[in-house]
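Below: one structure, written as structure tokens.
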Amino acid sequence: MTATPRRALIVIDVQNEYFTGKMKIEYPPVETSLPNIGRAMDVAREAGIPVVVVQHDAPEASPIFALGSEGWKVHPVVAQRAHDHFINKNMASVFAGTDLADWLKERGIDTLTIAGYMTHNCNASTIFEAKHRGLQVEVLEDATGALPYENAAGKVSAEEIHRVFNTVFHSNFGAVVSTETWQAAVRDGRKLELDNIYLSNQRTR
């Protein structure tokens, strides 16, 4: 019998910059992701799952997430809910330069549930590092989100970024599920399973 996961919900960078600032999340629309973030926090609280809220800090002269600015502030949906630990970071991974690893170890946490923004940057960095640290990872695909990019390497939509990264996550790094599916797994004390690289490729053949 598989042991019940010892989860922590990591709520990453749900800050005003992504809603009313210069970096608006586009996919899934925030009308979907934001309520699901709140829902996940409520589920965690009811189930006794610790909640870690993360805030990204940039220098005061930065065009985005400038320390002390309106865009830097945590969105009320998250700020008005209880949390067990609060982390300020200045790099993509929530582990980088923070006490997260020690905090998780002290509490015997073996599974991270990821919500927040952005799918392809701070979420991805945290997911990859968590996997490499031997933790299980769950990704709430409808409580996370992306925005579009264009640079010398190409142009991609928010939907494409979100879909591609989640497909890659589920192939090797973390179980990608809806908030509803995660809520059921929490209720049942059940581990969520990810896929694997080989089968993810073979299905395309």
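Key figures for this structure:
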item: In sequence order, calculated HN-Hα J values of the stretch 179-187 (Karplus, 6.51, -1.76, 1.60; Hz; x Gly/Pro); result: 4, 5, 5, 4, 4, 5, 5, 4, 4
item: CD proxy at 222 nm, helix term only [per DSSP H run n ≥ 4: -39500 (n - 2.57); per residue of the chain; nearest 500]; result: -9000 deg cm²/dmol
item: Within the stretch 1-95: Cβ-based charge dipole about Cα centre, in debye rounded to nearest 20 (Lys, Arg +1; Asp, Glu -1); result: 260 debye
item: Unsatisfied cross-links (Cα-Cα over 23 Å) in the set Lys24/Lys73; Lys24/Lys105; Lys89/Lys131; Lys73/Lys155; result: Lys24/Lys105; Lys73/Lys155
item: Length-normalised contact order of the chain in % [C-alpha pairs under 8 Å, at least 6 apart]; result: 24 percent
item: Within-10-Å neighbourhood charge of Thr179 [Cβ basis; K, R +1; D, E -1]; result: -2
item: Only Lys, Arg (+1) and Asp, Glu (-1) charged, at Cβ; the chain dipole about Cα centre in debye; result: 420 debye
item: Shape parameters for the chain, alpha-carbon atoms, Rg then Dmax in Å; result: 16.3, 53
item: Residue order, fewest to most beta carbons within 10 Å, for Phe128, Phe65; result: Phe128, Phe65
item: Within the stretch 99-203, percent of DSSP bridges classed antiparallel, to nearest 5; result: 25 percent
item: Counting DSSP beta bridges with both ends in the stretch 7-202, the antiparallel % (nearest 5); result: 15 percent
item: Neighbourhood net charge (11 Å Cβ-Cβ; Lys/Arg +1, Asp/Glu -1) for Gly189; result: +4
item: Loop-resident sites, the stretch 97-205, for GluC sites (Glu not before Pro), counting at most 14 other Cβ within 10 Å (DSSP); result: Glu193
item: Using θ = phi - 60° and Karplus 6.51 cos²θ - 1.76 cosθ + 1.60, couplings along the stretch 115-127 (whole Hz; Gly, Pro as x); result: 9, x, 9, 9, 2, 9, 10, 5, 4, 4, 4, 5, 4
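The numbers here are math on the coordinates, done by the rules we state, and not lab data. Keep in mind that this is a model prediction, so the values were computed, not measured. All Cβ positions, even for glycine, are placed from backbone atoms using ideal geometry, and neighbour counts span all protein chains on display.
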